[in-house]
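Structure first, commentary second.
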Amino acid sequence: MTQSRIDIWIEAGYKLLAKEGLEGLKIERLARVLNLNKSGFYYYFGTLDSFVKQLIEHHVGMAKAIAEEIAICDDIDPDLLLLVIKHKIFFLAESQLLVKNRQVDLDADEAGKIINDGVRSLWAKITGEPNDPRVSSALLSMIRHFLYARIDERNLTYEFIHQLSVETKEVFAQINLGRDISSPDNKAESSSR
């Protein structure tokens, strides 16, 4: 089955979004990359804003498909990390939209919420801990932004995100250590010595 012209524009625009963000999306440039006429773009999408809305819809659709794959992961490392590599374009686009986006009026976090829900379920399955949505959402949001702020198309490799996961585990271990030390029970123990 051949790709429709609309899909060809969307796929090229999505790759460009992942690489350069919304600022990199230019109609003339897309037409040149695809070796197509700009009039085709206007015929299918009308305006760049309409095209961006369709890219966001495509992005949310990708998030739903990826969340289904997350649901069958057995562990974060290597399963989830390899899934991130497999869907590199999605995660780079997510990075551009959520962290590196300079257009503050664009609400593109629906895809991130879908991915967070999938990862939160995986986290609960692995740790056996109750899934407190407020706490796990906050933690996952911090981890997600930490990842998205540091990735680009050159360094999004398993080795790189594995190292980020090790760093993240160390940070959370320090947070937990600090929480244990300052807990009321520990303070009472310390003062009785």
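Computed over segment 5-182, relative contact order equals 25 percent, with contacts defined as Cα pairs under 8 Å that lie 6+ residues apart.
For a straight C-alpha distance cut-off of 30 angstrom, the lysines reachable from Lys53 (same-chain residues fewer than eight places away being disregarded) are Lys15, Lys19, Lys26, Lys38, Lys64, Lys86, Lys88, Lys100, Lys113. If you take all other residues with their beta carbon under 11 Å from the beta carbon of Leu80, and give Lys and Arg +1 and Asp and Glu -1, the sum is -4.
By the gyration tensor of its Cα atoms, with a ≥ b ≥ c the square roots of the eigenvalues, what is the shape of segment 1-49: rounded for a/c under 1.5, prolate for a/b over b/c, or oblate? It is oblate, given that a/c is not under 1.5 and a/b is not larger than b/c.
Judged by the ratio a/c of the largest to the smallest principal axis of the C-alpha gyration tensor, segment 5-182 counts as prolate, that ratio being 1.5 or greater while a/b is larger than b/c. Can you give the local net charge around Ser165? Use residues other than it whose beta-carbon is closer than 15 angstrom to its beta-carbon, Lys and Arg +1, Asp and Glu -1. Net charge in that neighbourhood comes out at -3. Charged neighbours of Asp152, selected by a Cβ distance under 15 Å, balance to +1 (K, R count +1; D, E count -1).
All of the numbers you see were taken from the coordinates with simple rules; none came from a lab. Since we're looking at a predicted model, the values are computed, not measured. Reconstructed Cβ throughout: ideal geometry from the backbone, glycine too, with neighbour counts over all protein chains shown.
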